[in-house]
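One structure is given below, encoded as C-alpha cells.
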Amino acid sequence: MSTIDYQEQPDDFNGWIEKFPAQIDILSMQVFWSMKVEESLKVGNASKSLILVENRTKEILEMMAERVLTDLAKDIRQKYE
C-alpha cells in the first residue's frame, strides 16, 4: 500500500485531498487510521503505540485546520472543514 506522508510531502498530501472527492478522502484516511490502530494493538506496548497514532492524527488535523486559513477555493475549503 502506498501512502503519502503529510510531513515529508505536504504538497502531495494537499494535492491528494484536492484531487479526490471528500468522501474518498475521508474513507481513505479512516482506513489508514484503522490500519495504524490495528498495528498498534498487535505490538507488545500497545498503549505507547496508540499514543503515537493519536499524536499523528492530531498533527494531521492541525495541518488541515491551518490549511483552511489559507486562500482556497470554496469547494476545497469545504473538504478541509
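Some notes on this structure:
- Inter-residue pairs, beta-carbon under 6 Å, first in contact (Cβ under 8 Å) with a residue 12 or more places away in the chain and within 27 Å of Lys79 (Cβ to Cβ) and in the range 29-57, second among the basic types (Lys, Arg) and in a helix (DSSP H, G or I), 6+ apart: Val53/Lys36
- The C-beta contact set for the range 1-28 (first residue among the polar types (S, T, N, Q), second residue modelled with pLDDT of 85 or more, distance under 7 angstrom, 6+ apart or interchain) comprises Thr3/Phe32; Asn14/Arg67.
- Among the residues of the range 58-81, those that are touching a residue at least 24 places away in the same chain (Cβ under 8 Å) and over 14 Å from the mean Cα position of the chain (by Cα) comprise Ile76, Gln78.
The values are calculated or read from the model by the stated rules, or taken from the named source; none is laboratory data. The structure displayed is predicted, hence computed values, not measured ones. Because the Cβ atoms are built from the backbone with ideal geometry, glycine has one as well, and the counts that use them run over all protein chains shown.
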